[in-house]
Amino acid sequence: MVELDKLVRRRLRVLLWKQWKTTGNRIRNLMKLGAKSWLAYQHANTRKSYTRTGTSPTLQTRLTNSYFTKLGYEGFA
């Protein structure tokens, strides 16, 4: 169940990244989550795939488990 929970959270990160769509929105949202401006700019302009971006340390530290708990996702574990 723990592994399934990790997979679902990674997928949620990918879905949020897709929802933000444009580079400007990604920068703005990352900065709202506490990322420094240069890091948000660098990460928002990445050419990596959605799945690879969803597993990046930047998104994992900004979109934490507590963030998804606040949104209402309780998980399986």
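Just so it is clear, none of the values below were taken in a lab; they were calculated from the coordinates. These numbers were taken from a predicted model, which means no experiment stands behind them. Heads up, the Cβs are rebuilt from the backbone with ideal geometry, glycines too, and the neighbour counts pull from every protein chain shown.
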Tell me, how many Å apart are the Cα centres for the range 54-77 and for the range 15-48?
16
Nearby lysines by direct alpha-carbon distance to Lys70 (threshold 19 angstrom, same-chain neighbours under 8 apart not counted)
Lys6, Lys32
Using the count of nearby Cβ atoms within 10 Å as a rough guide to exposure, how do Leu71, Leu30 rank from fewest to most?
Leu71, Leu30
In Å, the C-alpha Rg and Dmax of the chain are 12.3, 37
If the cut-off is 16 Å between C-alpha atoms, which lysines fall inside it for Lys18, apart from same-chain ones fewer than 8 positions away?
Lys48
Once Lys and Arg get +1 and Asp and Glu get -1 on their Cβ, which of Thr55, Phe68, Met31 lies farthest toward the positive end of the dipole of the range 2-71?
Met31
Computed for the range 2-71: size of charge dipole around the Cα centre, +1 on C-beta of each Lys and Arg, -1 on C-beta of each Asp and Glu, debye to nearest 20, value 200
